[in-house]
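Asks: Structure provided below as structure tokens; questions to follow.
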Amino acid sequence: MHPTLRRSLPLSLWPDARDAALPADPPEGFRNILGAGAAPDCARWRGVGSMLETERMLEALAFRLIRGPAREGGAGFPAGYAYFAQFVTHDLHFSTDPEFYPRRDVPHVPWRRRRLRLDSIYGEGPEDAPYLYGEGVGQLADWRLRIGRFGPGPIPRLTVRPRAGCPADPRAPQCGVDERNDENPVVAQLAGLFMRLHNRALDRLTAYGDPAERFAAARAVTEATFRRLVFDDLLPRLLRPDVRARYEREGALDEPFAAQTDDMPVEFTHAVSRVGHALVRADYAVGRTVNDGHAVNVAYMLRHTVKRDPEAFRKGRLWRVDWPAFFGPEAQAADPFEPHVSVFFAEAPGLMPGDAAARTRAHLVLRDLARGMEGGVQTVTATAAGFARRLGREAGSARWLALNPLRRAGAMARWIGADARLAPWRRALALDPPLYLFTLVEAAAPAAAGGGDALRLGALGSALFAEPLYAARALNGDAAAAARSDADGTVVFDGAPPRTMDALAALFSPASSGG
Amino acid sequence: MPVEMNVMSHQLVGAWLARLTTAEKRPETLAGFMEGLAAYVNNALGVETIAATYVAARNAWRIPGVLEIFGVAEDAAAVYVSHAPEQVVIRLPDPELLAESRNLAVAFDHGGRSGEFYVDRFYYDYIRGGDYAPSNSAFLDSRIADYTFAQCR
């Protein structure tokens with residue numbers, strides 16, 4: 001098997017690794033939620049025994065998730081929030097993949113202290129990672145984040161287009177510090193949006209004479225704005241209101257463990273954060289310069305990044321995202337939260353380097369499910385038990401799928417229905433579904449059943465998504481710095497800071513003079 | 001309002017058109033055409049999720065990720081034409097779109113507005129080769145879709 005392809009596949013999909021027994025242990029750098037390490041074997045999902053047989057079941061499941069019927073209508077929020085959530089998950093689990101981030105550059109800073117800090121754009125800062133900096137001219141140039149360009153373009157006077165990345169410098173990764181932020185043009189340009197916010201803050205905070213202090217102040221404003229958008233704009237859209245309110249009041253249950261270890265809970269990384277793939281549309285209207293503003297197929301859109309198609313970008317293709325198409329009242333909607341992933345997305349060529357996904361049977365959904373299996377994710381029963389005391393205090397929670405095994409089995413059985421492919425595993429799936437699948441079924445369930453009405457995550461999905469975010473906020477929040485950044489923010493924003501993504505994007509729209 | 005067509009999956013749309021070329025019966029309405037295309041795509045991809053819908057607010061028939069036709073009535077008829085020895089079909093561009101596109105071209109040429117005409121990438125991929133290059137059959141189907149639904153912008 002080609003080494004690059006092998007690297008991109010879950011362990012279980014390597015032909016020589018399919019007979020391993022389950023449950024798997026969380027891989028290095030990961031743990032089970034509500035604990036400092038691996039949960040007991042009996043709490044982790046074991047599928048139907050061996051990886052080989054379980055993988056057959058997951059293939060049938062993936063087939064159903066892609067090919068089964070989908071409901072009409074969109075999610076309750078604009079399409080851009082699915083990509084903002086992707087950007088946030090990258091920031092929570094900063095990548096140190098040695099291929100893109102040389103070991104010598106990895107600093108001795110606990111990773112748990114770097115979450116929600118926008119390290120995915122700042123890297124190690126202007127002194128230790130100068131190749132990420134150097135924008136504009138003057139004394140402050142070395143303190144501005146370098147913004148990649150679309151261009152130079154076919155016309156000499158072409159206005160340069162912002163996007164994440166520094167392709168002009170061979171020492172620099174192509175998309176800021178975290179190569180994952182060049183996965184698709186939307187997340188890449190979201191990274192670019194926060195880079196531009198930093199540069200704007202740096203230029204406006206003239207009260208700071210020392211460049212290093214000015215950089216720190218600009219970063220504080222940028223981080224505070226980012227965190228505000230995560231907690232006040234993104235999460236109200238993704239989470240059930242009652243669960244979110246509980247987390248706002250009481251914080252994360254996982255916080256004591258998150259404070260002890262850098263390891264991330266696999267129930268987040270290998271399950272709930274991946275269900276956002278259901279929100280991806282079959283097509284997107286990207287912007288005025290792309291197909292005259294008309295929609296393009298998602299598989300086609302995804303490849304338009306420096307990472308996926310570097311040659312095209314060297315030729316100066318214009319793929320600027322127009323943010324009103326992704327955030328705000330006129331934006332196209334994300335697809336509904338339900339157990340369905342668009343076939344155009346799931347089997348998009350280019351998701352795996354040098355290979356067509358369908359040829360290897362390793363399309364996106366199967367990889368999602370397989371990663372959960374090999375990641376040692378806990379069973380739904382065990383995961384829900386950990387949250388029972390918290391979620392069980394909500395009105396009507398006795399009827400929630402997460403907390404009521406009988407109702408859960410009924411919901412799973414109804415979803416499986418008469419699907420002949422799933423017939424051999426109907427009982428196993430109804431009683432003990434993979435967490436990834438359950439999170440989607442729960443999201444599509446009515447609110448009274450602990451679901452999200454297909455508009456947002458259900459109760460357990462909301463709690464699992466909330467955990468690392470609220471833990472990171474508790475660990476890395478600094479009240480004094482936040483107060484100072486609020487004062488600085490009024491300078492940066494000419495008043496109140498943006499509280500929604502469309503308000504942030506509007507600061508840098510072509511019509512705005514402030515960018 | 002000019003009728004506009006937006007092909008998003010050239011290969012699938014072209015393959016459907018190729019099938020209609022030799023079909024004994026063709027859908028007589030645009031609704032029938034779109035529903036037939038949706039069924040064809042479902043079959044080709046092995047799914048049952050693709051559906052054609054009419055979006056009244058935009059006067060558009062739409063199959064997500066595949067094809068959109070704007071500015072049409074829901075019950076528009078579908079007419080199929082080919083050349084014949086006695087009759088050559090010359091499809092002229094829509095005057096409104098032509099004028100708009102001409103203005104754009106002039107602006108692009110003079111640098112008054114950044115950009116260039118958008119061209120679907122399958123041509124580029126075919127010529128360039130590499131991982132994204134379509135097969136010859138896929139390229140043929142894609143071209144069929146492009147020249148059938150091409151318009152002057």
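The values are calculated or read from the model by the stated rules, or taken from the named source; none is laboratory data. Values in this document were obtained by computation on a predicted structure and should not be read as measured data. Cβ coordinates were reconstructed from backbone atoms using ideal geometry, including for glycine residues, and neighbour counts include every protein chain displayed.
Asks: If a residue must be hydrophobic (A, V, I, L, M, F, W, C), within 12 Å of A:PHE438 (Cα to Cα) and crowded, with 22+ Cβ neighbours inside 10 Å, how many such residues does the range A:367-410 contain?
Replies: Within the range A:367-410, residues that are hydrophobic (A, V, I, L, M, F, W, C), within 12 Å of A:PHE438 (Cα to Cα) and crowded, with 22+ Cβ neighbours inside 10 Å number 5.
Asks: State yes or no: is B:GLY14 closer than 25 Å to B:PRO134 by Cβ, surrounded by 17 or more Cβ atoms within 10 Å (Cβ to Cβ) and either without any contact (Cβ under 8 Å) to a residue 40 or more places away in the chain or away from every other protein chain (no Cβ under 14 Å) (or both)?
Replies: The answer is no for B:GLY14.
Asks: Name the residues in the range A:246-282 that are of a type in the set (S, T, N, Q), part of a loop (DSSP other than H, G, I, E, B) and crowded, with 21+ Cβ neighbours inside 10 Å, would you?
Replies: Of everything in the range A:246-282, nothing turns out to be of a type in the set (S, T, N, Q), part of a loop (DSSP other than H, G, I, E, B) and crowded, with 21+ Cβ neighbours inside 10 Å.
Asks: If you check A:ALA448 against the conditions, is it farther than 30 Å from A:PRO23 by Cα and free of Cβ contacts under 8 Å to residues at least 60 places away in the same chain?
Replies: Against the criterion (farther than 30 Å from A:PRO23 by Cα and free of Cβ contacts under 8 Å to residues at least 60 places away in the same chain), A:ALA448 qualifies.
Conditions tested, residue by residue: (1) surrounded by fewer than 17 Cβ atoms within 10 Å (Cβ to Cβ); (2) of a type in the set (A, V, I, L, M); (3) farther than 28 Å from A:TYR247 by Cβ.
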position	(1), (2), (3)
A:ARG414	yes, no, yes
A:LEU435	no, yes, no
A:PHE438	no, no, no
A:GLU442	no, no, no
A:PRO446	yes, no, no
A:TYR470	no, no, no
A:SER485	no, no, no
A:GLY495	yes, no, yes
A:MET501	no, yes, no
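Asks: Follow-up. Kindly establish whether A:ASP292 is over 18 Å from A:PHE84 (Cβ atoms), facing chain B (nearest Cβ under 10 Å) and part of a helix (DSSP H, G or I).
Replies: yes
Asks: Does B:ALA78 fit the bill of being under 15 Å from the mean Cα position of the chain (by Cα), among the small types (Gly, Ala, Ser) and either surrounded by 12 or more Cβ atoms within 10 Å (Cβ to Cβ) or facing chain A (nearest Cβ under 10 Å) (or both)?
Replies: yes
Asks: Let me ask you something else. Checking A:PRO126 against (1) surrounded by 18 or more Cβ atoms within 10 Å (Cβ to Cβ); (2) modelled with pLDDT under 60; (3) farther than 24 Å from A:PHE327 by Cβ: exactly one of these is not met. Which one?
Replies: Answer for A:PRO126: the failing condition is (2).
Asks: State all residues of the range B:86-126 that are over 23 Å from the mean Cα position of the chain (by Cα), at the interface with chain A (Cβ under 10 Å from one of its Cβ atoms) and part of a helix (DSSP H, G or I); if no residue qualifies, say none.
Replies: Listed by number, the residues that qualify are B:PHE108, B:ASP109.
Listed here are the residues, each with its yes/no results for (1) at pLDDT 95 or above; (2) within 24 Å of A:VAL321 (Cα to Cα); (3) part of a helix (DSSP H, G or I).
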{"residue": "A:PHE194", "(1), (2), (3)": "no, yes, yes"}
{"residue": "A:LEU229", "(1), (2), (3)": "yes, yes, yes"}
{"residue": "A:ASP232", "(1), (2), (3)": "yes, yes, yes"}
{"residue": "A:ARG244", "(1), (2), (3)": "yes, no, yes"}
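Asks: Turning to a different aspect of this structure: All but one of (1) buried (at least 16 other Cβ atoms within 10 Å of the Cβ); (2) within 13 Å of chain A (Cβ to nearest Cβ); (3) closer than 30 Å to A:ARG64 by Cβ hold for B:TRP61; which doesn't?
Replies: (2)
Asks: For the range B:40-58, enumerate the residues that are within 10 Å of another protein chain (Cβ to nearest Cβ), among the polar types (S, T, N, Q) and outside any loop (DSSP other than H, G, I, E, B).
Replies: B:ASN42, B:THR53
Asks: Could you identify the single residue in B:MET34, B:MET8 that is more than 14 Å from chain A (Cβ to nearest Cβ) and buried (at least 17 other Cβ atoms within 10 Å of the Cβ)?
Replies: Answer to the selection: B:MET34.
Asks: Looking at the range A:47-69 only, could you name the residues that are buried (at least 20 other Cβ atoms within 10 Å of the Cβ) and away from chain B (no Cβ under 14 Å)?
Replies: Those that are buried (at least 20 other Cβ atoms within 10 Å of the Cβ) and away from chain B (no Cβ under 14 Å): A:GLY47, A:MET51, A:THR54, A:GLU55, A:MET57, A:LEU58, A:LEU61.
Asks: Report yes if B:HIS83 is more than 30 Å from A:PHE345 (Cβ to Cβ) and more than 13 Å from chain A (Cβ to nearest Cβ), otherwise no.
Replies: When the stated conditions are applied, B:HIS83 passes them.
Asks: Taking the conditions exactly as written (of a type in the set (Val, Ile, Thr), modelled with pLDDT of 90 or more, farther than 27 Å from B:ALA51 by Cα and in contact with a Phe, Trp or Tyr (Cβ under 8 Å, 6 or more places away or on another chain)), does A:THR305 satisfy them or not?
Replies: Here the answer is no, as A:THR305 does not meet what is asked.
Asks: Now, a different point. With the structure loaded, tell me whether A:ALA38 is at pLDDT 70 or above and not in a helix (DSSP H, G or I) or whether it fails that test.
Replies: yes
Asks: Based on this model, can you work out whether A:ARG240 counts as buried (at least 20 other Cβ atoms within 10 Å of the Cβ), charged (D, E, K, R) and out of contact with any strand residue (DSSP E or B) (no Cβ under 7 Å at 6 or more places or on another chain)?
Replies: yes
Asks: Do you know which of the residues in the range A:267-289 that are at pLDDT below 95, touching a strand residue (DSSP E or B) at 6+ places or on another chain (Cβ under 8 Å) and away from chain B (no Cβ under 14 Å) is farthest from A:ARG67 (Cα to Cα)?
Replies: Within the range A:267-289, the match that is farthest from A:ARG67 (Cα to Cα) is A:THR269.
Asks: Can you find even one residue in the range B:114-135 that is more than 19 Å from A:TYR300 (Cα to Cα) and surrounded by fewer than 17 Cβ atoms within 10 Å (Cβ to Cβ)?
Replies: no
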